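To start, the structure under review is shown below, and the notes come after it.
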Amino acid sequence: MAFTTREKRLVLAASCLAIFVNPLIGTMLNLALPAIGADLGASAHQQGWITSVYFIVSVIFLMPAARLADIFGKKRIFMFGAAFAIVSLLLCAAAPNLIVLYIFRGMSGISIACISSTSVSMLSDVYERHERGAALGINTMCVYLGTSLGPTLGGLVTDLASWRAIFLFIIPFMAGALYCMGRFPYNIRNTPDQPFALPSAVMYGVAIAFTMFGVISLPETYGFVMLAVGLVCICLFILRERGVRFPIIDVGMFRNSRFSRSMVALFLNYAAVYCITFFLSLYLQSIGEMTATQAGIVLMAQPVVQVIVTPLAGRLSDRMTDLRILPTVGMVMSAVGIVLLMGTGLEMNLWLIVIGQMFCGLGYGLFSAPNTSAIMSYVEPAVYNKASGLIATGRQVGTMVSMGVATCLISIYLGSEAMIEVWNYPEFIQAMSMALYVSLAFCLVGAFVSWFRGRPQ
C-alpha cells in the first residue's frame with residue numbers, strides 16, 4: 001500500500017510525541033527523586049524502585065501488546081496506550097504514598113508498552129526503505145529531545161511547584177499523540193484471523209517478572225532465587241514458543257545472525273549508559289551541592305549532543321551499505337565517555353562530567369537510529385510489529401538491567417535503607433565507580449558484537 005505524505009507525517013507526529021514522553025518523564029523524575037524521597041520517606045534504594053517498577057511492567061507487556069497489535073490493529077493498540085497513559089499520569093500525580101505511586105507507575109508501564117511496540121513498526125510500514133532511516137532518525141531524536149529537556153524541566157517543575165506537577169506536565173503531549181494517530185485513516189493488522197495465545201503471554205509475563213525483580217533485588221538472597229526461577233521460566237517459555245502455532249515471540253527470527261547480534265548490541269548499549277544519569281543526578285545534588293535545576297542543566301550535555309547527532313546519523317545510514325559502521329563507532333564513543341567519567345570523585349570536576357556526557361551522547365546518537373534501521377532491514381514486512389516489539393523490549397530490558405546494577409551496587413556499598421549523607425559519600429563514590437566499570441564492559445562487548453554481526457548482503 002502506498003501512503004500519502006500527509007499520512008506519513010501523521011504517523012511520524014504521533015510516534016514522535018508519544019515516544020518523546022517516555023524519556024522526558026523518566027529524566028524529569030530522576031531530578032525529582034530527592035524531593036520524592038523527602039516527601040514520601042523513601043531511601044535511595046526505594047527511589048530507584050520508582051523507575052524500576054515502570055520498566056519491569058513495560059517489559060512484561062511489550063511483546064503481548066505487539067501480538068495484540070497484529071491481531072486488532074496497530075493504530076487501535078497505540079491509541080489505547082496513549083489514552084491509558086493519560087489516566088495513569090493523573091493517578092500518579094495524586095498518589096498518597098510510595099506503594100500507591102509504585103502501582104500507578106506500573107500502569108504507566110502498560111501504556112508505554114502499547115506505544116513502543118507499535119510506533120517503530122508503523123513507521124516501517126508507511127516509510128520506504130530509502131527514507132526509513134531519516135524517519136527513524138527524527139523519531140529517535142525526539143527520544144533524546146525528551147532526555148535533554150527532562151533534567152532541566154524536572155528541576156524547574158520540582159523547584160517551582162512539586163514533583164507531582166511533573167505528571168500533569170506530560171499529559172498535553174500524550175493528548176497530542178492520541179489526536180494525530182486518530183487522524184490516520186488505516187488500522188494496519190498483520191494477522192487479524194489468528195488467536196491470541198494467552199497461556200504464552202502469562203508464561204512470558206511470569207518469566208520476565210521473576211527475572212527483573214530478581215535483578216533489581218540483588219544482592220539479597222531472595223533476589224538470586226527469583227533470578228534463577230526467572231531464567232528457568234525463560235528457558236521453558238522459549239521451548240514452548242518453538243512448538244506453538246501462534247507464538248507471542250517468533251524465536252525463529254533469531255536464527256538470522258544479523259538480526260540477533262544487532263539485538264544483543266542494542267541491549268548492551270542501553271544496559272551500559274542509562275544508570276550513569278541516575279548516579280550523576282544523585283551525585284550533583286549531594287556531593288556537588290546543586291539544586292535540582294542546576295543539576296538538570298549540567299545533565300543536558302549528553303542528550304543535547306544526541307539530539308544534534310541522531311537525525312544526521314539516521315540520514316547517513318540510508319546512504320550506507322555497511323550497516324555495522326555507525327553503531328559500532330557509537331559504542332566506542334560511549335566507552336570513551338565512560339572512561340572520562342571515571343575521573344569523578346569526592347572533588348567534583350564539572351568539566352570532566354560535561355565532556356564525558358558529550359562523548360556518551362555522541363555514542364548514543366551514532367548508535368540508535370542506524371542500529372534500529374539495520375534491524376528492520378534484516379526482517380520481512382510481515383514481522384515488522386514483532387521486530388518493533390523486540391526492539392522496545394531489548395531497550396527496556398537493557399535499561400532495567402542498568403538500573404538493577406545501580407540499585408544492587410547502592411545496596412552493597414550503602415545499604416538498602418540508607419539515605420545519601422556526608423558520612424557515606426565515599427561509599428556512594430565506590431558504588432558509582434563500580435557501575436562505570438560495569439558500563440564500560442557492556443560497551444566494549446557491545447562494540448565487538450556490533451561489528452561482527454555480519455557483512456552486508
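General remarks:
- Restricted to the stretch 308-322, and to residues there that are hydrophobic (A, V, I, L, M, F, W, C) and open to solvent by less than 30 Å² (accessible area, probe 1.4 Å), the residue that is farthest from SER373 (Cα to Cα) is VAL309.
- Sole exception among (1) open to solvent by 50 Å² or more (accessible area, probe 1.4 Å); (2) in contact (Cβ under 8 Å) with a residue 60 or more places away in the chain for ILE325, by number: (2)
- Of all residues in the stretch 417-431, those that are at pLDDT 75 or above have Cβ atoms under 8 Å from Cβ atoms of residues that are polar (S, T, N, Q) and part of a helix (DSSP H, G or I), 6 or more apart or on another chain, in TYR425/SER286; PHE428/SER286.
- Among the candidates ARG164, ARG189, ARG132, residue that is among the charged types (D, E, K, R), under 29 Å from CYS408 (Cα atoms) and surrounded by 15 or more Cβ atoms within 10 Å (Cβ to Cβ): ARG164
- Residue that is nearest to MET63 (Cα to Cα), among those in the stretch 98-112 that are open to solvent by 30 Å² or more (accessible area, probe 1.4 Å) and in contact with a helix residue (DSSP H, G or I) (Cβ under 6 Å, 6 or more places away or on another chain): ILE110
- Which listed residue is in a helix (DSSP H, G or I), modelled with pLDDT under 85 and open to solvent by less than 30 Å² (accessible area, probe 1.4 Å), from ILE71, ILE77, ILE115: ILE71
- Filter result (closer than 12 Å to TYR54 by Cα and among the β-branched types (Val, Ile, Thr)) within the stretch 12-29: ILE25
- Filtering the stretch 224-235 for residues that are among the β-branched types (Val, Ile, Thr), under 28 Å from ALA447 (Cα atoms), touching a helix residue (DSSP H, G or I) at 6+ places or on another chain (Cβ under 8 Å) and in contact (Cβ under 8 Å) with a residue 40 or more places away in the chain leaves an empty set.
- A residue that is at pLDDT below 80, under 23 Å from ASN139 (Cβ atoms) and either among the hydroxyl-bearing types (Ser, Thr, Tyr) or open to solvent by 10 Å² or more (accessible area, probe 1.4 Å) (or both) can be found somewhere in the stretch 296-303.
Table: residues versus (1) modelled with pLDDT of 75 or more; (2) buried (at least 24 other Cβ atoms within 10 Å of the Cβ); (3) in contact with a helix residue (DSSP H, G or I) (Cβ under 9 Å, 6 or more places away or on another chain).
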{"site": "LEU24", "(1), (2), (3)": "yes, yes, yes"}
{"site": "LEU31", "(1), (2), (3)": "no, yes, yes"}
{"site": "ALA35", "(1), (2), (3)": "yes, no, yes"}
{"site": "GLY48", "(1), (2), (3)": "no, yes, yes"}
{"site": "SER58", "(1), (2), (3)": "yes, yes, yes"}
{"site": "MET63", "(1), (2), (3)": "yes, yes, yes"}
{"site": "ALA66", "(1), (2), (3)": "yes, yes, yes"}
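- Subset of the stretch 1-45 [among the polar types (S, T, N, Q), in a helix (DSSP H, G or I) and without any contact (Cβ under 8 Å) to a residue 60 or more places away in the chain]: THR5
- Candidate set from the stretch 310-326 (those that are in a loop (DSSP other than H, G, I, E, B) and touching a helix residue (DSSP H, G or I) at 6+ places or on another chain (Cβ under 6 Å)); member that is nearest to TYR127 (Cα to Cα): LEU323
- Filtering the stretch 1-12 to residues that are open to solvent by 10 Å² or more (accessible area, probe 1.4 Å) and touching a Phe, Trp or Tyr at 6+ places or on another chain (Cβ under 9 Å) leaves MET1, PHE3, GLU7, LYS8, LEU10, LEU12.
- Any hit, the stretch 196-217, residues being open to solvent by less than 40 Å² (accessible area, probe 1.4 Å), touching a Ser or Thr at 6+ places or on another chain (Cβ under 6 Å) and under 23 Å from VAL401 (Cβ atoms): yes
- Taken over the stretch 336-349, the criterion of being surrounded by fewer than 22 Cβ atoms within 10 Å (Cβ to Cβ) and either touching a residue at least 60 places away in the same chain (Cβ under 8 Å) or in a loop (DSSP other than H, G, I, E, B) (or both) is satisfied by VAL339, MET342, GLY343, GLY345, LEU346, GLU347, MET348, ASN349.
The values are calculated or read from the model by the stated rules, or taken from the named source; none is laboratory data. All figures in this text were calculated on a predicted structure; none of them were measured in a lab. Cβ coordinates were reconstructed from backbone atoms using ideal geometry, including for glycine residues, and neighbour counts include every protein chain displayed. Note: areas computed on protein heavy atoms with side chains; ligands, DNA, RNA excluded. Shrake-Rupley method; radii C 1.70, N 1.55, O 1.52, S 1.80 Å.
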